[in-house]
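Okay, structure first, notes after.
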Amino acid sequence: MPSLPTVPSAQSAPLDVLGVPGEINLDYAASAPCARAAADAVAELLPWYASVHRGAGALSRRCTLAYEQARQTIGDFFGARADDHVIFTRNTTDALNLLARAVPAGTTVVTFAGEHHANLLPWPRGSVRLPVPSDPAGAVRDLAAALTELRRGSSPALPVLVAVTGASNVTGERWPVAELARVAHRHGARIVLDAAQLAPHAPVDLLTLDVDYLAVSGHKLYAPFGAGVLIGRADWLDAAPPYLAGGGATSHVGPATHDVTWATGPARHEGGTPNLLGAVALAAVCKALDEADQGALAAHEQALLARLRGGLAALPHVVELRTFDPDAPRVGIVSFVVAGWDSTEVATRLAAEHHIGVRDGLFCAHPLARRLLSEAAGRTGRRDLPPTALRASIGLGSTAAEVDRLLAALAELG
Ligand SMILES: Cc1ncc(COP(=O)(O)O)c(C=O)c1O
């Protein structure tokens, strides 16, 4: 393998994030900024940029190797079992849609109403949507009851898939994934973890959590270029029709229209030229996180989160949205409303007057966001809460000064 051209050495650390001076990004949950590790890995590969799995030239072979090494690194980072598939997708939505197409006919999917649309909408007809529980223990109890009931009425051979998030994109609250996995397996069901919001904030290990499938988005994990992955058990994936029929997904194509033998393994579902840079960027971040002190990163984030939530709680005109108890474990995401203010107007003012970027709306989790808004009105007795919310989210590179700027800007609205 020819040696790689070197990148001018950066003085910064791999997990520093890129940004624009003066602009405060508090919208990591939508798309996180690019980590130095991802930018460097892409810059290093760009001169070699060529086809993947399609060429004999040195450039092409280098790219093919980089793509497959990325697959290995990402699989290892998420604790993939030796016989799991690691399939590159565009993002979490794509990964969950892939799985939805791959589940055997007759599979019942069980999920909770608090999920992001990506984990509510792809599932086949007949899926069961459980109500949002009031605490994590309730989620475990409700799932056990639902699976008991489901098994009572159906053959134990019929497949059941439980689909849950690791952390809510609305509230940041963490879900009891390992316990839910235990319940699922006790009832002969499989479980898929939507780790889109958990993975950027905490280690996620498939084996430790004992989940069957895991979906993540690179762009929320400090890696731009639109790659995600679905990791998980091979049998359903190898038996399913290809997610994308086309070049790269076949092992043989004959002259007749349907004379085709589909590949097995990840290639079966990765038809077309893959997103090499996205895969490499995501792998670079996984490697950098793996080598970092993740405990220290989490502690820093939790300290900032406490500062943010404490500051919001001190503003009498601000109401936080939550599903669980205020002390329930959560990642660096907070949704709230400013009483008497339209949320879009607040977000626009924060951007225009303070150079602060936050999200407003219902966050692609309409059932949950609407419910929490109405609960917030009930809890506080306020009649001047708006119909949509604001969301501030933090992560690598976020600072106390940024949090304080947001709090000061919101204080002006009181
Ligand atoms: C919990 C959760 N799941 C899934 C998704 C979908 O991610 P993507 O838009 O990258 O497909 C999101 C995006 O916000 C999310 O927060």
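Going through the range 281-319 one residue at a time, which ones are within 16 Å of Arg330 (Cβ to Cβ), buried (at least 21 other Cβ atoms within 10 Å of the Cβ) and under 21 Å from the mean Cα position of the chain (by Cα)? Listed by number, the list holds a single entry, Leu305. Every test in (1) part of a loop (DSSP other than H, G, I, E, B); (2) within 16 Å of the ligand (Cβ to nearest atom) is passed by Gly188 save one, and that test is (2).
For the range 331-380, the tally of residues that are part of a loop (DSSP other than H, G, I, E, B) and more than 16 Å from the ligand (Cβ to nearest atom) stands at 5.
Only one of Leu206, Leu214, Leu180 is within 13 Å of the ligand (Cβ to nearest atom), open to solvent by less than 50 Å² (accessible area, probe 1.4 Å) and under 27 Å from Ala299 (Cβ atoms); which?
None of the other options fit; the residue is Leu214.
Picking from residues in the range 163-177 that are within 18 Å of Arg129 (Cα to Cα) and assigned to a strand (DSSP E or B), the one that is nearest to the ligand (Cβ to nearest atom) is Thr165.
Counting residues in the range 232-252 that are closer than 22 Å to Leu143 by Cβ and out of contact with any Pro (no Cβ under 8 Å at 6 or more places or on another chain) gives one or more. Total residues in the range 41-83 satisfying the condition of being more than 16 Å from the ligand (Cβ to nearest atom) and assigned to a helix (DSSP H, G or I): the figure is 27. One residue stands out among those in the range 84-139 that are farther than 20 Å from Leu206 by Cβ, among the hydrophobic types (A, V, I, L, M, F, W, C) and assigned to a loop (DSSP other than H, G, I, E, B): the one that is farthest from the ligand (Cβ to nearest atom), which is Ala105.
Which residues, counting only those in the range 72-85, are surrounded by fewer than 23 Cβ atoms within 10 Å (Cβ to Cβ) and either within 16 Å of Pro274 (Cα to Cα) or more than 21 Å from the chain's Cα centre (by Cα) (or both)? Of everything in the range 72-85, those that are surrounded by fewer than 23 Cβ atoms within 10 Å (Cβ to Cβ) and either within 16 Å of Pro274 (Cα to Cα) or more than 21 Å from the chain's Cα centre (by Cα) (or both) turn out to be Gln72, Ala82, Asp83. When Val211, Val216 are screened for being free of Cβ contacts under 8 Å to residues at least 60 places away in the same chain and of a type in the set (A, V, I, L, M, F, W, C), only Val211 passes. Close Cβ contacts (under 8 Å, 6 or more residues apart or on different chains) running from residues in the range 344-360 that are under 9 Å from Ala392 (Cβ atoms) to residues that are open to solvent by 70 Å² or more (accessible area, probe 1.4 Å) comprise Ile356/Arg405. Scanning the range 118-139 for residues that are under 28 Å from Gly153 (Cβ atoms) and out of contact with any Phe, Trp or Tyr (no Cβ under 8 Å at 6 or more places or on another chain) yields Asn119, Leu120, Leu121, Pro122, Trp123, Pro124, Arg125, Gly126, Ser127, Val128, Ala137, Gly138. Out of all the residues in the range 193-206, is one or more more than 15 Å from the chain's Cα centre (by Cα), over 19 Å from Asp27 (Cβ atoms) and either polar (S, T, N, Q) or not in a helix (DSSP H, G or I) (or both)? Checking the range 193-206: not a single residue is more than 15 Å from the chain's Cα centre (by Cα), over 19 Å from Asp27 (Cβ atoms) and either polar (S, T, N, Q) or not in a helix (DSSP H, G or I) (or both).
The values are calculated or read from the model by the stated rules, or taken from the named source; none is laboratory data. Because the structure is predicted, anything quoted here is derived from the model rather than measured. For neighbour counting, all protein chains shown are included, and Cβ atoms are generated from backbone atoms with ideal geometry for every residue, glycine included. Only protein heavy atoms, including side chains, enter the accessible area calculation; ligands, DNA and RNA are left aside. Shrake-Rupley method; radii C 1.70, N 1.55, O 1.52, S 1.80 Å.
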